[in-house]
Amino acid sequence: MAETSPETSPGTSPGTSPDIDLVLPCRDEAAALRELLPRVPAGLSVIVVDNGSTDGTADVARAQGARVVSESRPGYGAAVHAGLLAATAPYVVVMDGDGSFDPAAALPLVETIRRDEADLALGCRRPVTPGAQPWHARGGNRLVLAALRRRTGLRVRDIAPLRAARREALLGLGVEDRRSGYPVELLDRAARAGWRVHEIDVDYHPRTAGTRSKVSGSVRGSLRAAYDFWRVLS
């Protein structure tokens, strides 16, 4: 894994030291990053984890002032974990880098943690258009959350690809999955550790044109992710 650290990052000013790192796990998200990174609010330092991109994702991120971490192991969990290890701020937000979220939605999540109202704050996706979240992704989400509820008693409405917590606490949970099962294992471990979990509705937009989801972009991808989810809960 290699990291580059420019002097400033999107959302920061020279000489400042933000207390929030925004981790964006990415694979072939150059088109999305061109639009997303300039919109990052002040106070968030961006870490783009390049998980084997071939479209210049890392170059676009560096040109926009983001820190770039290269993670050679394929898998969402591998990318997220690499971002957490690279982060230095006390608060961390993990968000998909595909343009489906407004980065400003991260701020209310962090404030919930900062005010000690929760240990884990989740952005519950609220699609702004019917096609923003495919039917197979919605169905799989419901099934997995129902299984998680039976297993742990945790009642949440989304697996939450947008979430915030304290960095050290997240690492302390010891999430081991390095594939698509990472967010499910995170919720499972958080529930078993007695974490206070809070959800906030956030707008969920269609992905940026020119990018494609590795999970919900196809039925096959959703089935592969579902296998990872069930493997974690088995």
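Per residue, how large is the accessible surface of the stretch 69-160? Use a 1.4 angstrom probe and give square angstrom. Walk me through the numbers on the way to the answer.
Numbers: 3780 Å² over 92 residues.
Heavy-atom SASA per residue in the stretch 69-160 reads 41 Å².
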- Cα lying deepest toward the dipole's positive end in the chain, options Phe229, Leu187, Ala32, charges on Cβ: Phe229
- Task: Treating only the Cβ atoms of Lys and Arg (+1) and Asp and Glu (-1) as charged, compute the dipole magnitude of the chain about its Cα centre; round to the nearest 20 debye.
- Result: 1000 debye
- Arg196 and Trp230 label points (each 7 Å along its Cα→Cβ direction) are spaced in nm at 3.6 nm
- Given R₀ = 30 Å, FRET efficiency for Arg138-Thr54 by Cβ-Cβ distance, to 0.05? 0.55
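By the gyration tensor of its Cα atoms, with a ≥ b ≥ c the square roots of the eigenvalues, what is the shape of the stretch 33-110: rounded for a/c under 1.5, prolate for a/b over b/c, or oblate? Mind dumping the intermediate values first?
Working: a/c = 1.65, a/b = 1.22, b/c = 1.35.
It comes out oblate by the Cα gyration axes.
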- Note on the structure: For Rg/Rh (Cα atoms, Kirkwood Rh) the list reads [x] 1.12; [y] 0.97; [z] 0.93; the calculated value is entry [z]
- Task: Estimate the FRET efficiency between Arg39 and Arg62 by the formula 1/(1 + (r/R0)^6), using the beta-carbon distance for r and 22 Å for R0, to the nearest 0.05.
- Result: 0.80
- In nanometres, what is the gap between the two model label sites at Ala169 and Arg126, each 7 Å from Cα along Cα-to-Cβ? 2.4 nm
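Before rounding to the nearest 500, sum -39500 (n - 2.57) across all DSSP H runs of length at least 4 in the chain and divide by the residue total; then give [θ] at 222 nm in deg cm²/dmol.
-11000 deg cm²/dmol
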- Roughly to the nearest percent, how much of the accessible area of the chain is carbon and sulfur, given a 1.4 Å probe? 51 percent
- Note on the structure: For the stretch 28-43, in residue order, the Karplus 3J(HN,Hα) values (coefficients 6.51, -1.76, 1.60; θ = phi - 60°; whole Hz; Gly and Pro = x) are 6, 10, 4, 4, 5, 5, 4, 8, 6, 4, x, 9, 5, x, 4, x
- Query: Using 7 Å Cα-to-Cβ label points, what is the Leu85/Arg157 separation (nm, one decimal)?
  - Reply: 3.6 nm
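The values are calculated or read from the model by the stated rules, or taken from the named source; none is laboratory data. All figures in this text were calculated on a predicted structure; none of them were measured in a lab. Neighbour counts are summed over all protein chains in view; Cβ atoms, including those assigned to glycine, are modelled from backbone coordinates with ideal geometry. Accessible surface areas use protein heavy atoms only, side chains included; no ligands, DNA or RNA. Shrake-Rupley method; radii C 1.70, N 1.55, O 1.52, S 1.80 Å.
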